[in-house]
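This report refers to the structure that appears directly beneath it.
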Amino acid sequence: EGTNRDGHLSPVMSAMDFRFASTQDAHSIVAYLRSQPAVENETPDSSMTPLTLAFIALGMFPLLDLPEADEVAPAPVPVGPTAEYGEYIANFLGCSGCHGEDLTGGAGGLSPKGPFLRVVKGWTVEQFTQTLRTGVNPTGRALDEDEMPRKFISRLDDDELAGVYAYLLTFQ
């Protein structure tokens, strides 16, 4: 829901994309985090600086509408190389944050302006997967490492990448 335990909004962390996670996946993430060894360090209080507040007011740091606390999380989507699963993955990963609401490019504000993703219609699933795994598209152009979290995205498995590819192909 994008809020901390005290109910305060935490827009700086990409927690807003977690609203797309099924309850089952959210519980799996929490279980994994709890299985990791604790570390000893001081965590500073989280608060928005005046500059962050100004960016929000100017629309440079867009905040998404948060779901109501009683909204039901999405049902788990069957894992597989399907457009339905790909949409789930793309939403959960927040692709629209840089590539725009309809993935036609550019999100605006302080977000990187990602390109129009419908370009994949001319690619095969193998080319799409290779592009995200290597950072080089079928034309030989390197993806911008500063804008595309490719090292993270490259860890998606074959079904996840094939699903995202299938989802992108559903756009007219």
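For the reader, a short list of remarks on this structure follows.
- Flag set for Ala142, criterion: open to solvent by 30 Å² or more (accessible area, probe 1.4 Å) and more than 15 Å from the chain's Cα centre (by Cα).
- The residue that is least open to solvent (accessible area, probe 1.4 Å), among those in the stretch 34-67 that are modelled with pLDDT of 65 or more and among the charged types (D, E, K, R), is Asp45.
- Criterion: at pLDDT 85 or above, surrounded by fewer than 16 Cβ atoms within 10 Å (Cβ to Cβ) and either under 17 Å from the mean Cα position of the chain (by Cα) or closer than 28 Å to Ile29 by Cα (or both) - qualifying residue of Glu126, Glu71, Glu101, Glu84: Glu84
- Phe171, sole failed condition from (1) more than 23 Å from Ala21 (Cα to Cα); (2) over 15 Å from the mean Cα position of the chain (by Cα); (3) modelled with pLDDT under 85: (1)
The values are calculated or read from the model by the stated rules, or taken from the named source; none is laboratory data. Quick caveat: nothing in here was measured; it's all calculated off a predicted structure. We place every Cβ from the backbone using ideal geometry, glycine too, and count neighbours over all the protein chains shown. We work out accessible area using only protein heavy atoms, side chains counted, and drop any ligands, DNA or RNA first. Shrake-Rupley method; radii C 1.70, N 1.55, O 1.52, S 1.80 Å.
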